[in-house]
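Below you'll find the structure, written out as structure tokens, and then a few comments.
Here, each number is a calculation from the coordinates, and none is a lab measurement. Since this is a predicted model, take the numbers as computed values, not measurements. Please note: Cβ atoms are built from the backbone with ideal geometry, for glycine as well, and neighbour counts cover all protein chains shown.
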Amino acid sequence: MKPLHIYYKLLRHFGKQYWWPAETRFEVIIGAFLTQQTNWKNAEISIENLKHKNLLDPNSLSTSNRDQVEILIKKSGFYRQKAKRIIKFSQYLVNKYGGSLDKLFCGSKENIRKELLSLEGIGPETADSILLYAADKLSFPIDSYTIRVCERLGIRELQYKKLGEFFKNNIPRDLEIYKELHALIDMLGKNYCKKKPLCCRCPLINECIYPKK
DNA sequence: TCCCAGGCAGGGC
DNA sequence: GCCCTGCATGGG
């Protein structure tokens, strides 16, 4: 079963997800930090808290008080690390690019990715999420849901890099499809593919695993 | 009570 | 290179 086939099945089943839910690209990035190993709803509350304090822009966040930020983002967990990291990211953006994401995103995808990965708190998944949803670059994020769903589908290459290549080689180079497919896989994983029990109750995924001949 | 949530960094080996 | 652990809160 090809990823594109799965994409259309999921799209029919769940409808469009319209990821990433955010008003600005900067908000996408901060959300990407905050949602790490955390339920999106709690990350969203933290985002709203920052927004209400007018801290959701590079200049304000870069000069904000860390104790205050820690309190505002507490609900999304790991709040000390995350407060430090989003403030540091903002400072980096302001100091190197005058706070302009256009300037940060103006180079090649590969170079932007390397630069993002060099920053504290940005690993492969967060870098690819930022590239796809904030920079509009064709980069497919592999998160725990993606790995879980691919396990169910019997896809062997489960390491981040190989799985990324797998998607890259099997879906059209289309931003809309990249964005929606990642979101749809998360929707599927979130609802139907919990780690336990191992047997999957979702008819859709079962059909993917055992396609009709 | 236990497990999990849209990971990452740092250490050991 | 892979594997383990700390990071922290909230919901089911």
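Observations on the model:
- The Cα trace of segment A:74-135 gives Rg and Dmax of 11.9, 35 Å, the first to one decimal, the second as a whole number.
- A:Leu11/A:Lys162 FRET efficiency (R0 30 Å; Cβ-Cβ; nearest 0.05): 0.75
- Working note: Cα gyration tensor of segment A:58-213, eigenvalues times five, square-rooted, sorted largest first, giving semi-axes of 34, 20, 12 Å.
- Between A:Leu204 and A:Tyr97, the simple spin-label model (points 7 angstrom out along Cα→Cβ) gives 3.4 nm.
- Whether segment A:1-139 is rounded, prolate or oblate, judged on the alpha carbon gyration tensor where a/c under 1.5 counts as rounded: oblate
- In a simple Cβ point-charge model (Lys, Arg +1; Asp, Glu -1; nothing else charged), chain A has a dipole of about 740 debye relative to its Cα centre.
- Positive-pole candidate from A:Ser64, A:Ser46, A:Cys202, dipole of chain A, charges at beta carbon: A:Cys202
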